[in-house]
Amino acid sequence: MKIPRSIWIVPVAVLSLSLSSGCATYRTISTAEQGSSKVFSGTRLDVSAIRGDEVALRKFKADPPRYPLVDLPLSIGFDIAILPLTVPIATGELLFK
């Protein structure tokens with residue numbers, strides 16, 4: 001089965017936009033400090049940027065991506081993939097405060 005060329009345009013455009021604007025999950029995890037949000041941090045950064053919630057955006061030490069609506073599905077996937085790493089770190093910080 002051959003896939004028409006016009007169907008490939010949308011995924012390629014979405015991926016190129018998300019790669020050029022940066023991944024919110026990578027930005028938040030790479031700048032994470034003790035006590036900062038870690039579980040689904042990229043998704044929360046994207047949602048805060050979409051909603052225009054300046055108070056929530058100040059909690060993160062990272063700037064939101066240029067196109068948060070495009071980055072949102074990719075951040076959800078990446079946040080789910082690293083969930084086994086972020087949950088123990090976040091709960092360990094809560095237990096040993």
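The values are calculated or read from the model by the stated rules, or taken from the named source; none is laboratory data. Worth saying up front: this structure is predicted, and the values here are computed from it rather than measured. Positions of Cβ are generated from backbone atoms using ideal geometry, with glycine treated the same way; all protein chains shown enter the neighbour counts.
Per-structure values
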item: Filter pass, E33 being out of contact with any helix residue (DSSP H, G or I) (no Cβ under 9 Å at 6 or more places or on another chain) and acidic (D, E); result: yes
item: Count of residues meeting criterion [within 16 Å of T43 (Cβ to Cβ) and in a helix (DSSP H, G or I)] in region 56-83; result: 18
item: Subset of region 10-32 [surrounded by 18 or more Cβ atoms within 10 Å (Cβ to Cβ) and either in a loop (DSSP other than H, G, I, E, B) or at pLDDT 70 or above (or both)]; result: C23, A24, T25, R27, T28, I29, A32
item: Residue in region 74-88 that is farther than 15 Å from C23 by Cβ, over 10 Å from the mean Cα position of the chain (by Cα) and in contact (Cβ under 8 Å) with a residue 24 or more places away in the chain present; result: yes
item: Leading residue by the ranking (surrounded by the most Cβ atoms within 10 Å (Cβ to Cβ)) among those in region 33-54 that are under 9 Å from the mean Cα position of the chain (by Cα) and among the charged types (D, E, K, R); result: D46
item: Residue tally, condition among the hydrophobic types (A, V, I, L, M, F, W, C) and touching a Lys or Arg at 6+ places or on another chain (Cβ under 8 Å), over region 38-59; result: 2
item: Residue selected from region 43-60 under the condition under 14 Å from T25 (Cβ atoms) and of a type outside the set (V, I, T), by the criterion modelled with the lowest pLDDT; result: F60
